[in-house]
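What follows is one structure encoded as C-alpha cells, with my remarks underneath.
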Amino acid sequence: EHGGAHVLQTFPSADSSEEVQFQGRTARQGKKGTYSLILREEDLKEKLGIGADILHDGQGIGYEKMKLARDQKSAERFAHLASELEDAHEKDVLSRALLDALVAGDRK
C-alpha cells in the first residue's frame, strides 16, 4: 500500500535510538513503508524486568511503560559504565605514576 518495506521488530530495543533506527529502515527511495513491534512476554521480563500486566494496559499505555523501563535500564547501564570508567581512570593515574617513578629511578 505504501510502497516501502514493512519492518517487524521482535525484540525490545536496548535504547530508543535503536528503535528509531529500525523505524527508519521502512522508508526507501521516497516510499513511506510501515513498522510493527511484536514482543514476547519472556523478553519483556528478561530484558526490561516487566511482566504480562503491561499487556493488559492497552497499546499506548503499555508502550509508554515499556519505554520507561527501557530508559531506566539504559540509565543503569550508563551509570555502571561511568563508574567502571572512573575506576579505570584512577588505575591509569596510579600506573602512570608508578611508571614515571620507575623511569626516574625513584624507589620510594
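Here, each number is a calculation from the coordinates, and none is a lab measurement. For clarity, every value in this text was computed on a predicted model and none was experimentally measured. All Cβ positions, even for glycine, are placed from backbone atoms using ideal geometry, and neighbour counts span all protein chains on display.
Apart from one condition, E84 fits all of (1) surrounded by 12 or more Cβ atoms within 10 Å (Cβ to Cβ); (2) free of Cβ contacts under 8 Å to residues at least 24 places away in the same chain; the exception is (1). Determine whether I50 is in contact (Cβ under 8 Å) with a residue 12 or more places away in the chain and within 25 Å of H6 (Cβ to Cβ). So I50 does not fit the description; no. Just one of the listed residues (A69, A88) is of a type in the set (A, V, I, L, M, F, W, C), in a helix (DSSP H, G or I) and over 17 Å from the mean Cα position of the chain (by Cα), and it is A88. Test I61 against the stated conditions and say whether it is more than 14 Å from the chain's Cα centre (by Cα) and under 18 Å from F11 (Cβ atoms). Here the answer is no, as I61 does not meet what is asked.
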